[in-house]
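J.: Here it is, the structure, as C-alpha cells.
The values are calculated or read from the model by the stated rules, or taken from the named source; none is laboratory data. Only a predicted model underlies this, so the values are computations on that prediction, with no experimental measurement involved. Cβ coordinates were reconstructed from backbone atoms using ideal geometry, including for glycine residues, and neighbour counts include every protein chain displayed.
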Amino acid sequence: MRNTHCAPRIGLLAVLVLAVSGPAAYAQDQMLIDRIDHRLASVRADLIELRRDIHRHPEVSGQEERTAGIVAARLRSLGLEVQTGIGGHGVVGILRGGVPGPVVAYRADMDAVHSSAPDPVPFASETPGVRHICGHDIHTTVALAIAEALAAIRDDLPGTVKFIFQPAEENVQGAAAMIEEGVLEDPAPEAIFAVHSAPLEVGQIGSVEGLALPGLDRVTVTLRGEGNLSDAARSYAGAISAVSTGPDVAPSDFVAAMVSRPRPGRESGECVITGLVRAGSVEARARARAGIDERLAALRHDRISYEFSYQEQSLPDMVNDPELVRSTLETIRAVVGPEGLLEVNQVTPYFSEDFAHYQQHIPGAMYWLGVSNSELGYVGLPHSPDFVADEQSIIVGARVMAAVLLDFLMKH
C-alpha cells in the first residue's frame, strides 16, 4: 500500500548531537537511523503477513494464548529475554543494548473484541463473532517491528528497551494485572510509550499533552424490598443512563453512562445495578454524579429502598506527561514531516484506555497512529463495524517510535 506522507529520516537527536559533539556524532546517529530504516524495509512484507495472521485469529480479553505465543517466539528469534504468563497471557521482551544507559518501556495490547459485523478485508477473521476492530493487531505488529528495528542496532543501543505486550485491555484488567505481577520492575523503566490506532490519515501522528482519554467511574445501585424489583430496576437504570449527553456537545462536556443488565443481589429481595460513567472533564464528571444522585432520589417505588455508591476513577484518566510529550515532538516531525505531526492537545471523550494504569507509576505518553486512507476508503475509527487499517501504518508507527525510544535513551 502507498504511503503518501513520506518523510526525512534524520531525527532531532542527530541535530542535537551535531550541535554539541560535532560531525562524528552526527554521522554515528545517521548511521543508526539508516540501519533502522533498512531493517524495517527488509521485513516489511513479513510484518504485514504477521499482522494478517493475527487478524485472522483474533482472541478476546483473557484468551490471547495464540497471539502471545506468536509474540514470544518472534522476540526470542531476535535474541530478546522473554517472559510469558504475566498478568494472564502477557509477554515481556527485554532488549539490552551494548552501551550502558537507562531503561524505557513500550507497550502494545493484543486482545480483540466481539463483533458480528462482516469483516471487509481479504484476510477476514476466522473466529465467528470476534474481530480486531480496535487495531490491537496493528499495535502488536508495530511493537514487534520496533523490536526488529532496535535489535538491528543492539550493539550501539545505549540502554534497555522493555517491550510489554499486554492482554485484556478491552475489559480494562490487563494493565493492572501486569503491574501487580511486577512488569514495571527488574528492570524498572523511567518512562513508557505507546500508540493507538486513530482515524487520522496514514502517515500522520497525533500528540496530546495532558488529559487524552477520560477514565471510568463505577456506579452501583442496590435495590432492596418486597415491591416489584424488576420495574424498579428499569427505572433506576434509566436514571443512570439519563445523564448521557450524546456526542453533539463539546468534548469537555461529554458524558456517557453505560449500564449493565440488573442482577440478583447476595440476599433474597435484592437487585444490583452497575454502570460505568465516562466524562470529558472534571466538571462534567461532577455534573454526572450530581445528576445521577438527583434522579435516583426523585424515584418512588412502593416498598423499595436503594443504596447508591459512586467510585470515581475506577479506571484513571489517561494523562500524557506534558514534558515527556514535548520532548518527542521534534523527533516525530523529523520522521513524518511537518504536516505529519498533529498536536491535538484535547481530550477524546468517547474512549478509555488502561494504559492509564502505567501512567500512575511512571511518566507515559500514548500517541494517535493514523490508520485511515481516504483515497482507498479505509476508515480507521476504533470499534466501528467497518474498521479497516492501512497496513502502511505499521512501518510509520515503527519508524516513529523507534526514533522516539532511541532519542529517549540517548538523551537520558
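Residues are listed down the side, and each one gets a yes or a no for (1) touching a Lys or Arg at 6+ places or on another chain (Cβ under 8 Å); (2) at pLDDT 95 or above:
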position: MET1; (1), (2): no, no
position: THR4; (1), (2): no, no
position: GLY22; (1), (2): no, no
position: ASP29; (1), (2): no, no
position: ASP37; (1), (2): yes, yes
position: ASP53; (1), (2): no, yes
position: PRO58; (1), (2): yes, yes
position: GLY62; (1), (2): no, yes
position: THR67; (1), (2): no, yes
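J.: Further question: Checking ASN228 against (1) touching a Gly at 6+ places or on another chain (Cβ under 6 Å); (2) surrounded by fewer than 19 Cβ atoms within 10 Å (Cβ to Cβ); (3) not acidic (Asp, Glu), which test does it fail?
T.: With (1) touching a Gly at 6+ places or on another chain (Cβ under 6 Å); (2) surrounded by fewer than 19 Cβ atoms within 10 Å (Cβ to Cβ); (3) not acidic (Asp, Glu) applied to ASN228, the lone miss is (1).
J.: Pick out, from the range 36-126, the strands (runs of 3 or more DSSP E) lying fully within it that include 3 or more residues that are touching a Ser or Thr at 6+ places or on another chain (Cβ under 9 Å).
T.: Fully inside the range 36-126 and qualifying: 90-96, 99-109.
J.: Inspect the range 213-220 for any residue being hydrophobic (A, V, I, L, M, F, W, C), touching a residue at least 40 places away in the same chain (Cβ under 8 Å), crowded, with 22+ Cβ neighbours inside 10 Å and closer than 19 Å to MET366 by Cβ and give the result as yes or no.
T.: Scanning the range 213-220 turns up at least one residue that is hydrophobic (A, V, I, L, M, F, W, C), touching a residue at least 40 places away in the same chain (Cβ under 8 Å), crowded, with 22+ Cβ neighbours inside 10 Å and closer than 19 Å to MET366 by Cβ.
J.: Does LEU80 meet the test of being under 22 Å from LEU184 (Cα atoms) and either surrounded by fewer than 22 Cβ atoms within 10 Å (Cβ to Cβ) or more than 19 Å from the chain's Cα centre (by Cα) (or both)?
T.: Answer is yes for this residue.
J.: Can you confirm whether ALA145 is on the phi < 0 side of the Ramachandran plot, buried (at least 24 other Cβ atoms within 10 Å of the Cβ), in contact with a strand residue (DSSP E or B) (Cβ under 8 Å, 6 or more places away or on another chain) and in the same structural domain as VAL202 (by TED's automatic domain parsing)?
T.: No: the conditions fail for ALA145.
J.: How many residues does the range 382-394 hold that are crowded, with 22+ Cβ neighbours inside 10 Å and in a helix (DSSP H, G or I)?
T.: 2
J.: Could you tell me how many of the residues in the range 313-348 are in contact with a Lys or Arg (Cβ under 7 Å, 6 or more places away or on another chain) and either assigned to a helix (DSSP H, G or I) or within 21 Å of VAL259 (Cβ to Cβ) (or both)?
T.: Qualifying residue count, the range 313-348: 2.
J.: Search the range 193-205 for residues being buried (at least 20 other Cβ atoms within 10 Å of the Cβ) and not aliphatic (A, V, I, L, M), and hand back the single one that is farthest from ASP253 (Cα to Cα).
T.: Once the filter is applied, the top-ranked residue is GLY203.
J.: Next question. Kindly indicate which of ALA68, ALA73 is hydrophobic (A, V, I, L, M, F, W, C), assigned by TED's automatic domain parsing to the domain that holds ARG154 and surrounded by fewer than 18 Cβ atoms within 10 Å (Cβ to Cβ).
T.: ALA73
J.: Now for a separate question. List the residue pairs whose Cβ atoms are under 6 Å apart, where the first residue sits in the range 41-55 and is at negative phi, the second is of a type in the set (Phe, Trp, Tyr), and the two are 6 or more positions apart or on different chains.
T.: Pairs found: ARG52/PHE123; HIS55/PHE123.
J.: Would you say ARG326 is charged (D, E, K, R), surrounded by fewer than 15 Cβ atoms within 10 Å (Cβ to Cβ) and at positive phi?
T.: no
J.: Can you run down the residue pairs with Cβ atoms below 7 Å, 6 or more apart or on separate chains, where the first is in the range 319-344 and touching a residue at least 60 places away in the same chain (Cβ under 8 Å) and farther than 14 Å from VAL195 by Cα and the partner is charged (D, E, K, R) and assigned to a helix (DSSP H, G or I)?
T.: THR331/ASP407; VAL335/ARG399
J.: TYR310 is checked against (1) under 29 Å from ASP111 (Cα atoms); (2) surrounded by 23 or more Cβ atoms within 10 Å (Cβ to Cβ) and fails just one. What number does that condition carry?
T.: Against the list (1) under 29 Å from ASP111 (Cα atoms); (2) surrounded by 23 or more Cβ atoms within 10 Å (Cβ to Cβ), TYR310 comes up short only on (2).
J.: Restrict the check to the range 152-162 and report whether at least one residue is in the same structural domain as SER327 (by TED's automatic domain parsing), in a loop (DSSP other than H, G, I, E, B) and in contact with a strand residue (DSSP E or B) (Cβ under 8 Å, 6 or more places away or on another chain).
T.: Step one: filter the range 152-162 for residues in the same structural domain as SER327 (by TED's automatic domain parsing), giving 152-162.
After this cut, where a residue has to be in a loop (DSSP other than H, G, I, E, B) as well, the list is 152-153, 157.
Then keep just the ones that are in contact with a strand residue (DSSP E or B) (Cβ under 8 Å, 6 or more places away or on another chain); that gives 157.
Yes, there is a match, as at least one residue in the range 152-162 is in the same structural domain as SER327 (by TED's automatic domain parsing), in a loop (DSSP other than H, G, I, E, B) and in contact with a strand residue (DSSP E or B) (Cβ under 8 Å, 6 or more places away or on another chain).
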